[in-house]
Amino acid sequence: MSKKDTVTLIDNSTGKEVELPILRPSNGIPTIDVRKLYNELGFFTYDPGFLSTASCHSSITYLDGLKGELQYAGYPIEQLADHSTFLEVCCLLINRELPSDEEFEEFKNIITHHTMLHEALKRFYSGFRRDAHPMAIMVGVVGALSAFYHDDIDIHNPQDRIIAMHQLIAKMPTIAAWSYRYAHGLPFEYPRNNLDYAENFLHMMFSLPTEKYVPDPFFVKALDLIFILHADHEQNASTSTVRLTGSSEANPFAAVSAGIASLWGPAHGGANEAVIRMLVDINESDHDVQYYINRAKDKNDRFRLMGFGHRIYKNYDPRARIIRKTCHELLSHLGSNCQYKDLFDTAMELEKIALEDEYFISRNLYPNVDFYSGIILLAMGIPLNMFTVIFAVARTVGWITHWNEMIQDPESRIGRPRQLYIGALPRDYPEDRK
Ligand code: SDX
C-alpha cells in the first residue's frame, strides 16, 4: 500500500502507531478503513449520530450535501423527476440501470399482480382502535406479512429476495390505503390491474362502492413525483435501521417494519406532518412569522422550524426545490380560491425570512423535502396523518434495495456497534442486602 493511500494514527501516550488504508469512492468523500484500529492500537472510534461514519459501501444513491445534489445510480433527481416514473425508478434502484422497454413491461406486470393481500391480513386492522395513527397500523401490518411469507423465503437465495422485494413494493400501497379506510370506517377498496401505481393508490384511498373515484391527472402525476423524490436517500435513519435489522438475517418484512417505525419520528419522515401542523398554528395564531423564526432560534425553546435543516444537505435539498415548483403549479391548477394557498404563502414567507437570517445561514439550514410536500398531499385530499405513510410507501423500494445490497455483500456481517462506557466501575453486592 503506497503512503498516499493510507493515514497514520499515532497514540501520543505510547508512541504506538497504525497505518490505516484510505478507501476511495467512485464519487464523494474518501473513507478511512478503521477495521483494524482496535486490534492494532486498542481504540474504538466515537461518533454519536454517525456524522463522520460510513457504515457500508453502496452503489444505489449518491448525495452531495454541500452542492445539494442527489443521484439515483448516477441519474440526477431533477432529470428523473422530469422524465421518469416511480416504477421505472424502482427498476433503476434495484438494478442500478434503467430498464429496457421489455424489462419494464415485465416489472410492471409483476408489481400489478402482487398488489393483493392475503384475506386473513384484513383481520389485523380490526385489532386497532379507529383512531390509531396509520403509521402504527403500517408497522403492525407490514410486520405481520412476515407471518404470511416468512417460511417461503430463504434470504440467501437471490430469487427469493427479489420476490420479497416485488411483494413489498406491490403491497405497500394496498396496506397504506387500507389503514386510511379502516380509520374512516370505510370498506376496503381492492387494487385494480388497469391502473398505474399512483392512480391505483388514489383509487384504493378514495373510491367508494357507490361511486368510482377518478383522480385529477394532475394529482396522479404529482403523487408519482412525490414517490420518485422519496424513493431513496442513502443511509438515512430508517434505511440504516432496515440494514441493521436485516444484518441479523431477520426477514425483509420485519426489517421494513422496523424502518417504518424509524421513519415515523418527527425528526425524520414525520416532519412532513409536523410542517403542516406548524403552518396551521402560525396561520391561526396572533403571532407573525418572525415570532416563530425567533422561537426556532431560541435555545431555551424546543420549537424547531419543521421541514428545515438536514444532516447532509448544507444547501437547498434538491427535492425541496422540485416539490416547491410542483406546489406552485398544483395551486395554480386548483385556482386562487384553493384553501391551501394560505399555507403555501406562509411557507414561502418563512423560507424567505429564514434564508436571510444569520442563524439559519450560519448553520446552513435550508428547506428539506418535507417543507412543501405536505401542501401537495393536503391539496389532493390526503389527511395529515397519512403523510408519513406516503413517505413509507415510496421509501420501501429504497429500504429493500439497501437490504438486498447488504445481504449479497460479502463484507456484510451482523451490525454490532461498540460504546464509550461511562458507567460504574466493578463493585460487590452489599452484604446487608444479601
Ligand atoms: C428527512 O437523513 C435523511 O436523508 C433524511 C431524509 C430522507 O430522505 O431520508 O432526507 C428525510 O428526515 C428530512 C429531515 C426532516 N426533519 C425535519 O425537518 C425536522 C427539523 N429538522 C431538524 O430537527 C434537524 O435539522 C435534523 C434532524 C433534520 C438534522 O439534525 P442534525 O443534523 O442533528 O443537526 P443539529 O440538530 O445538530 O443542528 C445543527 C444546528 C443546531 O444549533 P446549534 O446547536 O449549532 O446552535 O442547527 C440547529 C440546531 O439547533 N437546527 C435548527 C433546525 N435544525 C437544526 N434550528 C431550528 N430549526 C431547525 N429545523
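A few notes on this one:
- Cβ separations smaller than 7 Å between residues 6+ apart or across chains give the following pairs from region 235-251 residues that are touching a residue at least 60 places away in the same chain (Cβ under 8 Å) to residues that are within 12 Å of the ligand (Cβ to nearest atom) and of a type in the set (Gly, Ala, Ser): 238/259; 238/262; 238/269; 239/259; 239/398; 242/259.
- Among the candidates 331, 263, 305, residue that is within 21 Å of residue 404 (Cβ to Cβ) and aliphatic (A, V, I, L, M): 263
- Region 389-434: number of residues that are in a loop (DSSP other than H, G, I, E, B), small (Gly, Ala, Ser) and touching a residue at least 24 places away in the same chain (Cβ under 8 Å): 2
- Within region 8-49, the residues that satisfy the criterion of being surrounded by 13 or more Cβ atoms within 10 Å (Cβ to Cβ), among the aliphatic types (A, V, I, L, M) and in contact (Cβ under 8 Å) with a residue 24 or more places away in the chain are 9, 32, 37, 41.
- The residues in region 242-272 that are outside any loop (DSSP other than H, G, I, E, B), among the aromatic types (Phe, Trp, Tyr) and within 16 Å of the ligand (Cβ to nearest atom) can be counted, and the count is 0.
- Filter result (among the hydroxyl-bearing types (Ser, Thr, Tyr), crowded, with 16+ Cβ neighbours inside 10 Å and farther than 20 Å from residue 383 by Cα) within region 107-141: 112, 115
- Members of region 275-309 found to be surrounded by fewer than 23 Cβ atoms within 10 Å (Cβ to Cβ), within 7 Å of the ligand (Cβ to nearest atom) and either within 14 Å of the chain's Cα centre (by Cα) or among the small types (Gly, Ala, Ser) (or both), listed by number: 296, 309
- Selection within region 221-240 - surrounded by fewer than 21 Cβ atoms within 10 Å (Cβ to Cβ) and either on the phi > 0 side of the Ramachandran plot or part of a helix (DSSP H, G or I) (or both): 221, 234, 237, 240
- Residue in region 321-335 that is in contact with a Lys or Arg (Cβ under 6 Å, 6 or more places away or on another chain), within 16 Å of residue 273 (Cβ to Cβ) and of a type in the set (Val, Ile, Thr) present: no
- Region 328-382 - residue that is among the hydroxyl-bearing types (Ser, Thr, Tyr) and under 27 Å from residue 265 (Cβ atoms) and, of those, surrounded by the most Cβ atoms within 10 Å (Cβ to Cβ): 373
Since every read-out is calculated from the coordinates, none of them should be taken as a lab result. Just so it is clear, the structure is predicted and the values come from calculations on it, not from any experiment. Note that each Cβ is placed from the backbone with ideal geometry, even for glycine, and that neighbours are counted across all protein chains shown.
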